[in-house]
1. Counting other Cβ atoms within 10 Å, which trypsin sites (Lys or Arg not before Pro) in the stretch 43-122 have at most 11 and lie in a DSSP loop?
2. Within a 10 angstrom radius of the beta carbon, how do Thr2, Thr159 rank from fewest other beta carbons to most?
3. Mind listing the long-range amide H neighbours of Ala170? Cut-off is under 5 Å, sequence gap 5 or more, other chains count too, H placed in the peptide plane at 1.01 Å from N.
4. Apply the a/c threshold of 1.5 to the C-alpha gyration tensor of the stretch 86-164 and tell me whether it is rounded, prolate or oblate.
5. Neighbouring Cβ atoms within 10 Å as the yardstick, rank Val128, Val137 fewest first.
6. Among Leu146, Leu106, which comes first, then next, by fewest other beta-carbon atoms within 10 Å?
7. List the GluC sites (Glu not before Pro) in the stretch 79-171 that DSSP assigns to loop (not H, G, I, E or B) and whose Cβ has at most 13 other Cβ atoms within 10 Å. Which are they?
8. Stretched out fully, how many nm does the piece from Gln125 to Met57 gain, at 0.36 nm a residue minus the Cα gap?
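Where a number appears in this text, it was derived from the coordinates with a stated rule and is not lab data. On a predicted model such as this, the values are computed, not experimentally measured, just so you know. All Cβ positions, even for glycine, are placed from backbone atoms using ideal geometry, and neighbour counts span all protein chains on display.
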Amino acid sequence: MTEVFFVLYFLVLCVTLVVKTPIIKGPWLFLLRAFFPNWKFFHAVGYVPQLYARSAMQLASGELQWSDWVLIYPRRVRSLHHLLHNPDTNIGLAQQNMVDHFWADLHDLPEGDDPRALVSYKMMQRLVAQVLRARDVNFTHSQFELRMVLDGRIEIMDTQVMMTSPVDAAC
């Protein structure tokens, strides 16, 4: 019986690849797409979405002292032994996949809509807080940016900021 559902599921996927339909939105669809990676990076070589964040300490004067922007999920270094056991790279790929989905959600968002209502925005907010908490336990505020980065062979060729979040107070 399970095989029938499995085959039926992939038949529905094949039909959706062939038939062009309008974009369907909803939180249940976001959960379903978690089973599949975002393959949009194969469409063209060019700008890649990357997530940057910074943290701040509130000074006695009430001003915020910000850290430098840091890349949250840099690409992991590959090694031969990773062919057998590679949990660190797997979690990094899953996190980068979430950044790619966030980019796709922002790209599809109608002009003037608030991105803070997106499920992927809330996921980015939690991931940024988790990573910054591991780096700097004492921060009081955080902020993140989604940047489109064009990498060269040696250095970054160009960077465009797609979205900067409002300043969030640390929980």
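1. Answer in residue order: Arg78.
2. Ranked by crowding around the Cβ, least crowded first: Thr2, Thr159.
3. Amide H neighbours of Ala170: His141, Ser142.
4. Note, shape of the stretch 86-164 comes out rounded.
5. Val137, Val128
6. With the sparsest Cβ surroundings first, the list reads Leu106, Leu146.
7. Glu111, Glu155
8. Once the chain is fully extended between Gln125 and Met57, it gains 22.7 nm.
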